[in-house]
Amino acid sequence: MTSTLPAPLPTQTSLPPPTAWWRRFGKHPLLMHYNRLAALVIAANLVLLATVPITPATTADLAMANVALAVVIRQQYVINLLFRLATSVPTSWPLRLRWTLAKVYHFGGLHVGGTIAGSLWFTTSVVLLTVDGTRPAVLAVSYTVVALLGAMIATAVPPVRSRRHDIFERVHRFGGWAALALLWTQTMLLGASWWLLAVITASIALPWVRLRRVRVRIERPSAHVVLARFDHGVTPFAGSSTAISRHPLLEWHSFANVPAPGQSGFRLTISRAGDWTGKLIDDQPETLWVKGITTAGVANIETLFTRVVYVATGSGIGPCLPHLLAEQVPSRLVWATRDPRVTYGDALVDEILAVQPNATIWDTSRNGKPDMVALAHAVYREFDAEAVICISNKKLTWQVVHGLERRGIPAYGAIWDS
């Protein structure tokens, strides 16, 4: 039988008051580490603006350096290295320091800052080239790159990206490739330095070098979810993700890997959440494309803490499950979902309960939607945890993360920046 926590009494769910305003000031969503890193890159470039000579060559070099930062920081090997470095400190270090190190997954702020600064520097360089009367061929190439960069930035604005993600992805892929080819053309026409461009090119190409089509075995416990099983010679580490596609030039989707201890291969838990996942669940293909290497996800920060609470809703159980199975860190699960056994199957629920016998599995079809902030806090206090990791939709994740952080509790969740 599913383990379900009854609706807690008010004394159990009452949240502590927020910390003093000067302590929670830095916990405001606008001041999250993602935005701080983006602001840091912009600030560094403003310092350069005030200290370096503004010439076509200098601005072009600064543009390339910022674009290199934006591209390399998204490279899978670099991401895994960042996580490895950030999580290498012992749990004996002060909690406040570990609290900050666990924000490593906000590295996307460097990507945003580098992209904006690089685009502005490149546009400045093109303006200076125009004033200097540079050859029409160079200017034609340069203005095309400016237009491509502008389109990439415009489609990356969060409201546009969330509503038109397919367009965002294709503009970034094909627009990025076109801009890269044109930058090589411009570099050759101007006889400029090319080593940074070579770094950018290698970083972009590397995941595609590892592109391959592999067999997959689909199990469908319900019309809402499938378990996709892969065993093509890769057994990823717990807490990593794999990008899969049916049409590799058009769109990619990343899902959390669920390796089973002592077994080869891995599973992906895929829920119906749009046209692409819906078609995959209905069609149950025999092969899928994968590229790059398995990449660390947000929950890898668990090793920075002595005890953690995992909060998941629906298919958010997927990214949590490998950590629960690996049992590297003492943890307690809070999972709110509709008809867990009907939706995800007895086998998966029993697998969870085997390693989490005290899990709180809240059946929303019977008990309604709980106050996830209060429920997370109640289990956090009961389990004497140091941190909460939330895997849910964007709205609820931010509600839990910011709701707890402003009360002085380390909390983490995805930031939907890709």
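Residue under question is PRO319, and the condition is that it be within 17 Å of the chain's Cα centre (by Cα), at negative phi and in contact (Cβ under 8 Å) with a residue 12 or more places away in the chain; does it hold?
Values: within 17 Å of the chain's Cα centre (by Cα): yes; at negative phi: yes; in contact (Cβ under 8 Å) with a residue 12 or more places away in the chain: yes.
So PRO319 passes the test.
Going by the conditions given, is THR303 modelled with pLDDT of 90 or more, among the polar types (S, T, N, Q) and part of a strand (DSSP E or B)? Please lay out each step first, then the result.
Numbers: modelled with pLDDT of 90 or more: yes; among the polar types (S, T, N, Q): yes; part of a strand (DSSP E or B): no.
Taking the combined requirement at face value, the residue does not satisfy it.
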Check on GLY109, within 30 Å of PRO53 (Cβ to Cβ), of a type outside the set (S, T, N, Q) and in contact with a His (Cβ under 8 Å, 6 or more places away or on another chain)
yes
Identify, please: which residue in segment 158-180 is out of contact with any helix residue (DSSP H, G or I) (no Cβ under 9 Å at 6 or more places or on another chain) and surrounded by fewer than 13 Cβ atoms within 10 Å (Cβ to Cβ) and is, among those, farthest from VAL71 (Cα to Cα)?
ARG163
Please state which of the following conditions ALA273 fails to meet, knowing it meets all the rest: (1) hydrophobic (A, V, I, L, M, F, W, C); (2) within 20 Å of the chain's Cα centre (by Cα); (3) crowded, with 18+ Cβ neighbours inside 10 Å; (4) over 20 Å from GLN76 (Cα atoms).
(3)
Which of the residues that make up segment 380-397 are in contact (Cβ under 8 Å) with a residue 60 or more places away in the chain and either assigned to a strand (DSSP E or B) or more than 17 Å from ILE317 (Cα to Cα) (or both)?
TYR380, PHE383, ASP384, ALA385, GLU386, ALA387, VAL388, ILE389, CYS390, ILE391
Only one of these is under 17 Å from the mean Cα position of the chain (by Cα) and among the β-branched types (Val, Ile, Thr): VAL112, VAL138. Name it.
VAL112
Just checking, does segment 173-187 include any residue being modelled with pLDDT under 95 and outside any helix (DSSP H, G or I)?
no
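Can you pull out every residue in segment 344-362 that is in a helix (DSSP H, G or I) and either more than 14 Å from VAL334 (Cβ to Cβ) or among the small types (Gly, Ala, Ser) (or both)? Reasoning before the result, please.
Kept after step one, since they are in a helix (DSSP H, G or I), are these residues of segment 344-362: 344, 346-355.
Correct list: TYR344, ASP346, ALA347, LEU348, VAL349, ASP350, GLU351, ALA354, VAL355.
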Report the residue count in segment 102-147 for those that are surrounded by 20 or more Cβ atoms within 10 Å (Cβ to Cβ) and without any contact (Cβ under 8 Å) to a residue 40 or more places away in the chain.
1
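The values are calculated or read from the model by the stated rules, or taken from the named source; none is laboratory data. Just so it is clear, the structure is predicted and the values come from calculations on it, not from any experiment. Counting neighbours? That spans all protein chains shown, and the Cβs are built from the backbone with ideal geometry, glycine included.
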